[in-house]
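Down below is the structure, laid out as structure tokens.
The numbers here are math on the coordinates, done by the rules we state, and not lab data. Keep in mind that this is a model prediction, so the values were computed, not measured. Reconstructed Cβ throughout: ideal geometry from the backbone, glycine too, with neighbour counts over all protein chains shown.
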Amino acid sequence: MSIRASGVHVWDLLRGGLEARALGLAADFGVADALAAGPRSIEEVAREVGADPDVLHRVLRALASDGVFAEDAPGVFRNTPASEALRPGTGWGDFAHLFGGVWLRAVADLDASGEATFPRTFGDDFWSWLAAHPEERAAFDRAMTQGWEGRVERVAGLEWRGDETVVDVGGGNGSLLVELIRRRPGLRGIVFDLPETNRDEAILRASRIEFVAGDFFDRVPEGDAYVLGTILHDWDDERAAAILRTIAGHAPPGARVLVLDAVIPPGNEPHGAKWLDLLMLTLFAGRERDERQWRTLLAAAGLEPVDIRDGIIEARCLSP
């Protein structure tokens, strides 16, 4: 690669923060929804969403240069498949809000200390801050539903006896269990999470799912299988092992532990978890893990590895 080409590559990476902020602005203003019926002038869209027309034009023009929105004529924009993903209900708009907002501010303070920068930037740890900001908590919970189809398919595709009680540890609004039980109707579900979690109790009850409030560092309900969907990467090894030890201490022997997290592959091939790892460091001093690190973590918690592959790590609780 020439020096010129290398410089272009570096430039494309350097502007990432600007792109995240632009996506966050577009999501917060609901631009994709405003364009749902087809192309519209920037003046019309700006008037509807309450934005300055010149600023909105510059934001959408920049995004359109990377395929998010398209400018069909001067000052006339439409959606693209990428911008359609920012519409409500997908989770991507909420991710854009977070990445282009509070997460971007915290990432800007990332250093080499190994400490989470979010508490230093916002004056509180991420979970306490979310509890104090209900709208942000709701956005976070909606964002966490993104990609649920893949997570559900991975869990539903495992072998099941058919009548097990599945505990979703840190299960948020329960969307994963709702869809799992739809596919495996003999299962019973328990969502275990903090009491302030945003959820629809009626939907849970209709799906034979109970919500139990609590702290997974103290206890978990008894069940046959425990699902941790993108939970352990929020924590450093000591705290992640403590969560797994809580499960091992309350689960019957032989209970399954299903961790839905990335397994970072070796080498230099692109993988989203290599970047997500830096976000986990920023927010919590947490981390993504490779296979060796997962095996070490499971051993520290007294769990027996069954299968480790990208997206799902399966282990078994041993007899005391």
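Details
- Applying both filters, DSSP loop and at most 15 other Cβ atoms within 10 Å, to the chymotrypsin sites (Phe, Trp or Tyr not before Pro) of the stretch 164-232 gives 217.
- Mean projected area of the convex hull spanned by the Cα atoms of the stretch 163-320, taken over all viewing directions: 9.3 nm².
- Shape class for the stretch 148-203: prolate, because the ratio a/c of the largest to smallest gyration tensor axis (alpha-carbon atoms, square roots of eigenvalues) is 1.5 or more and a/b beats b/c.
- Alpha-carbon centroids, the stretch 278-295 and the stretch 34-107: separation in whole Å: 32 Å
- 9, 97, 233 arranged by Cβ crowding within 10 Å, fewest neighbours leading: 9, 233, 97
- Mean residue ellipticity (222 nm) of the chain, computed from DSSP H runs ≥ 4 via -39,500 (n - 2.57), nearest 500: -13500 deg cm²/dmol
- Cα gyration tensor, the stretch 3-86 - rounded (a/c under 1.5), prolate or oblate: prolate
- Using θ = phi - 60° in the Karplus curve 6.51 cos²θ - 1.76 cosθ + 1.60, the 3J(HN,Hα) couplings for the stretch 192-201 round to 10, 7, 5, x, 7, 4, 6, 7, 10, 4 Hz; x is entered for Gly and Pro.
- Compared with the dominant principal axis of the Cα atoms in the chain, helix 291-300 is inclined by about 40°.
- For the stretch 10-26, 3J(HN,Hα) computed residue by residue from phi via the Karplus equation (6.51, -1.76, 1.60; θ = phi - 60°) reads 5, 4, 4, 7, 4, 7, x, x, 4, 5, 4, 5, 4, 5, x, 5, 4 Hz, glycine and proline entered as x.
- Each semi-axis of the equivalent ellipsoid for the stretch 89-213 is √(5λ) with λ an eigenvalue of the Cα gyration tensor; in descending order they amount to 31, 15, 14 Å.
- Candidates per GluC sites (Glu not before Pro) in the stretch 73-141, loop by DSSP, up to 13 other Cβ within 10 Å: 115
- Rg/Rh for the chain stands at 1.01; both radii use Cα atoms, and Rh follows the Kirkwood definition.
- Residue order, fewest to most beta carbons within 10 Å, for 52, 310, 193: 52, 310, 193
- Each residue in 42, 181 was given a count of other beta-carbon atoms within 10 angstrom of its own, and listing them fewest first yields 181, 42.
- Peptide ranges 286-292, 122-128 listed from the most packed, as the mean C-beta count within 10 angstrom indicates: 286-292, 122-128
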